[in-house]
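Presented below is the structure to which this report refers.
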């Protein structure tokens, strides 16, 4: 980072340029709407100052048509920008199906990232250029917010909740990554580097820092180690729902509700199993909230997802 | 002794006709007073003190941000400094500032009443306010609190090691002061207006305070309950906001902003009322569009309750809810725009006196327009996702709360000072300080818009070196601003002793408060005035009796 003054933040995506265009155009509109106020106030203050001769006949103290028009015209103009900006925002909330999914765990005061191939990093996030990337994020403690100014996006990261952020970074380079939600003592030092690499460099980086074990495989090992397979395994003496084919399916719950088994449902069923009990099963699973951290949960979730199409759960 | 309503008999002893400042001497006569004017002065002194305390915290923050490293304060010390700054500025200066000082002093005078509806309750609300304020100071002495003024959970309810409970209690207590003041004003405006003072003849200052009072009464209880829930979770571990206990952290943000966004309008509506009075008085012309300005105050109070979600666009609420909140935030800008355009039109063909109060009013309008329009930018979803929780937001709300409200507060102080004290202050110096405040303010906060867009998050103690130049500019501006705030303290106090006597109406303004002596007699009006015309009948001399009687009551004091 250069110590010189920067008047415009760097851009790492095409989307960032669209945000800049939006704010520049909207800035022009509001300047247009407020200019008459500033110009006329100064003009009137000089022209009609007390003691100065000026034409003061036909003074008005009401004019409904004028008032209605200066209420409505700016409003309608601003609505045009509302449509533009809301469309951009909603697009930015729907990641494409083929996005590369990374998991993010925030904790006081660091960022932990896991790549599906197994690479893990702290306070540095490597992503391939030109490819949609989806971050599935959660926090180990308080609320944080992942902010990459060069992408012009941020998203709060909440405890026990998966939030997501997606982007296509198309300009290789090293950019800043910051926590934007006040999170305690070292909030301003919860920063990192956002590194966009050409796909071949990213593949090389993955190969260098990755392990032979992917996220799901690691989850599979945890599944055994934590004793999950004792109940959820194929030949278990305890009656517990099978996890094969679970992800994405519709689960009937005790009490008649149904829920789609998404990442959040899997997370909650591990951490707070009594929240949503599958219909026909006894609420006997112990909560794992105090035993494992969010990183382990994300590995277990990755493993359960990988079993979505498998026949029977066999780690 | 002050259970007087408009129906009471005229006070006829010489002592009771004396000015409110001379009616009774000694500390007891002030601390036990039921006189709305004396209570207003109690508030003026106490909020000036809190403004100074919070200003010192701001000075610490700006001094620390001169360098990108943590050198003056530790991380913990910095977090406590900005929390203290926010908590005291919001709850112990900005919210009570104009309503509790000028609202208290002026509403009875403006509507032709001898006091507010509940004088004892009025005094009680000052004591409650002081209890909250002193508790906050005690917390500061003990070591402070590090949650920011927003108390976001689960940080405040579970993770912070500071004196959160004490700070919550202080804000909780001060809330009752707001509720009681709001209640008092509502009843006063409904029940204590002089004969003939119809709703359409109320000065717009009164309309804006009426709207503010409605927010006081409806929004403050929500904050009180929310803070109580945080305390319950913190002390007893009841799971309300902390997901580890089965709670929902977003619920806190919904409840907090349900109060705190309307609270922004608590801060700015009274300021708008002040500016309307200042503009018409300086222009010596009837206000343009009385009903649009009065109605826009009410519209702001109502719509202001429906926009809280625009603080949560990236917090994890439904994107469709965000879209609705974005739309409503654009709607709420309309009544504010109406006011600004109407003030401009009021100046057209006026007889404008370029005095200190007018310059403060212009400063308010200029800064409020920038603050309001950048607020409109923040209401745009795609822009907010980038600048949310950055210095862009810090700059935006300081333009509204400090640029807007504090400028209007100083404008009000200069405009009604002769009425409150009976003395004239230096017009030259008041113009100098208005210009100094306007310039210093822009230099402090404009660079922060750029910092925010470049990506400097708020509440950052250690920052990227590329942000240093703008931060230094901001800190230099803050010293000029500080000087601008200190200056009035000197010449206003000087005027108490050496200022010329003001006479009842030094500005040649309309309004019942200018029809009584300066300083006003203890019970305001010897005869309750009979009001026959609307407000702002300029020019005064040519008061054409076009609506029956003359302008005001037969006898002036």
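Would you be able to say whether some residue in the range A:200-210 is in contact with a strand residue (DSSP E or B) (Cβ under 6 Å, 6 or more places away or on another chain), more than 9 Å from chain B (Cβ to nearest Cβ) and surrounded by fewer than 19 Cβ atoms within 10 Å (Cβ to Cβ)?
There is at least one residue in the range A:200-210 that is in contact with a strand residue (DSSP E or B) (Cβ under 6 Å, 6 or more places away or on another chain), more than 9 Å from chain B (Cβ to nearest Cβ) and surrounded by fewer than 19 Cβ atoms within 10 Å (Cβ to Cβ).
Go through the range B:222-239 and count every residue that is more than 27 Å from the chain's Cα centre (by Cα), in contact (Cβ under 8 Å) with a residue 60 or more places away in the chain and either closer than 20 Å to residue B:315 by Cα or away from chain A (no Cβ under 14 Å) (or both).
Qualifying residue count for the region: 2.
Is it the case that residue A:270 is without any contact (Cβ under 8 Å) to a residue 60 or more places away in the chain, part of a helix (DSSP H, G or I) and not assigned by TED's automatic domain parsing to the domain that holds residue A:142?
When the stated conditions are applied, residue A:270 passes them.
Report, by residue number, each residue of the range B:454-508 that is within 14 Å of another protein chain (Cβ to nearest Cβ) and assigned to a strand (DSSP E or B).
B:457 - this is the single residue of the range B:454-508 that is within 14 Å of another protein chain (Cβ to nearest Cβ) and assigned to a strand (DSSP E or B).
Within the range B:288-302, which residues are surrounded by 19 or more Cβ atoms within 10 Å (Cβ to Cβ) and part of a helix (DSSP H, G or I)? Break it down stepwise before answering.
At the first step, the residues of the range B:288-302 found to be surrounded by 19 or more Cβ atoms within 10 Å (Cβ to Cβ) are B:288-290, B:292-294, B:296-297, B:300-301.
Within the range B:288-302, B:290, B:292, B:293, B:294, B:296, B:297, B:300, B:301 meet the criteria.
Testing residue A:65 on (1) more than 8 Å from every other protein chain (Cβ to nearest Cβ); (2) outside any helix (DSSP H, G or I), one condition comes back false. Which one is that?
For residue A:65, the exception is condition (2).
For the range A:68-78, which positions are surrounded by 13 or more Cβ atoms within 10 Å (Cβ to Cβ) and more than 7 Å from chain B (Cβ to nearest Cβ)?
Hit for the range A:68-78 is A:77, nothing else.
Could you list, in sequence order, the residues of the range B:347-364 that are facing chain A (nearest Cβ under 7 Å) and assigned to a helix (DSSP H, G or I)?
Across the range B:347-364, the qualifying residues are B:347, B:362.
Considering B:344, B:374, which residue is facing chain A (nearest Cβ under 9 Å), surrounded by fewer than 24 Cβ atoms within 10 Å (Cβ to Cβ) and free of Cβ contacts under 8 Å to residues at least 24 places away in the same chain?
Being facing chain A (nearest Cβ under 9 Å), surrounded by fewer than 24 Cβ atoms within 10 Å (Cβ to Cβ) and free of Cβ contacts under 8 Å to residues at least 24 places away in the same chain holds for just one of B:344, B:374, which is B:344.
From (1) exposed (fewer than 15 other Cβ atoms within 10 Å of the Cβ); (2) at pLDDT 95 or above, pick out the condition that doesn't hold for residue A:111.
Unmet condition: (1).
Filter the range B:377-399 for residues that are within 9 Å of chain A (Cβ to nearest Cβ) and either crowded, with 24+ Cβ neighbours inside 10 Å or over 24 Å from the mean Cα position of the chain (by Cα) (or both) and give the result.
Answer for the range B:377-399, where residues must be within 9 Å of chain A (Cβ to nearest Cβ) and either crowded, with 24+ Cβ neighbours inside 10 Å or over 24 Å from the mean Cα position of the chain (by Cα) (or both): B:379, B:380, B:381, B:382, B:383, B:384, B:385, B:386, B:387, B:388, B:389, B:390.
Among the residues of the range A:15-32 satisfying the criterion of being within 24 Å of the chain's Cα centre (by Cα) and without any contact (Cβ under 8 Å) to a residue 60 or more places away in the chain, which is farthest from the other protein chains (Cβ to nearest Cβ)? Give the derivation first.
From the range A:15-32, those within 24 Å of the chain's Cα centre (by Cα) are A:15-23; that's our starting set.
Adding the requirement that they be without any contact (Cβ under 8 Å) to a residue 60 or more places away in the chain leaves A:17, A:21, A:23.
On the way: A:17: 12, A:21: 10, A:23: 5 Å.
Only one residue fits best here, namely A:17.
Being more than 7 Å from chain B (Cβ to nearest Cβ) and surrounded by 12 or more Cβ atoms within 10 Å (Cβ to Cβ) is the requirement here; does residue A:35 meet it?
no
I'd like the full set of residues that are closer than 14 Å to residue B:424 by Cα and free of Cβ contacts under 8 Å to residues at least 60 places away in the same chain, limited to the range B:504-524.
Of everything in the range B:504-524, those that are closer than 14 Å to residue B:424 by Cα and free of Cβ contacts under 8 Å to residues at least 60 places away in the same chain turn out to be B:504, B:505.
Quick one: which residue in A:116, A:96 is surrounded by fewer than 18 Cβ atoms within 10 Å (Cβ to Cβ), more than 7 Å from chain B (Cβ to nearest Cβ), within 23 Å of residue A:194 (Cα to Cα) and in contact with a helix residue (DSSP H, G or I) (Cβ under 8 Å, 6 or more places away or on another chain)?
Only one candidate passes the filter, namely A:116.
Name every residue in the range A:7-27 that is part of a helix (DSSP H, G or I) and over 18 Å from residue A:169 (Cα atoms), in order of residue number.
Once the filter is applied, which keeps residues that are part of a helix (DSSP H, G or I) and over 18 Å from residue A:169 (Cα atoms), the range A:7-27 yields A:22, A:23, A:24, A:25, A:26, A:27.
If you go through the range B:293-324 one residue at a time, how many are within 11 Å of chain A (Cβ to nearest Cβ) and touching a helix residue (DSSP H, G or I) at 6+ places or on another chain (Cβ under 7 Å)?
Of the residues in the range B:293-324, the ones within 11 Å of chain A (Cβ to nearest Cβ) are B:293, B:295-296, B:299, B:312-320, B:322-324.
From what's left, touching a helix residue (DSSP H, G or I) at 6+ places or on another chain (Cβ under 7 Å): B:293, B:296, B:299, B:312-317, B:319, B:322-323.
Total satisfying the criteria: 12.
Would it be correct to say that residue A:81 is in a helix (DSSP H, G or I), buried (at least 18 other Cβ atoms within 10 Å of the Cβ) and either within 17 Å of the chain's Cα centre (by Cα) or more than 8 Å from every other protein chain (Cβ to nearest Cβ) (or both)?
In short, no.
The values are calculated or read from the model by the stated rules, or taken from the named source; none is laboratory data. Please read all numbers here as calculations on a predicted model, not as lab measurements. Virtual Cβ from ideal backbone geometry, glycine too; neighbours counted across all protein chains shown.
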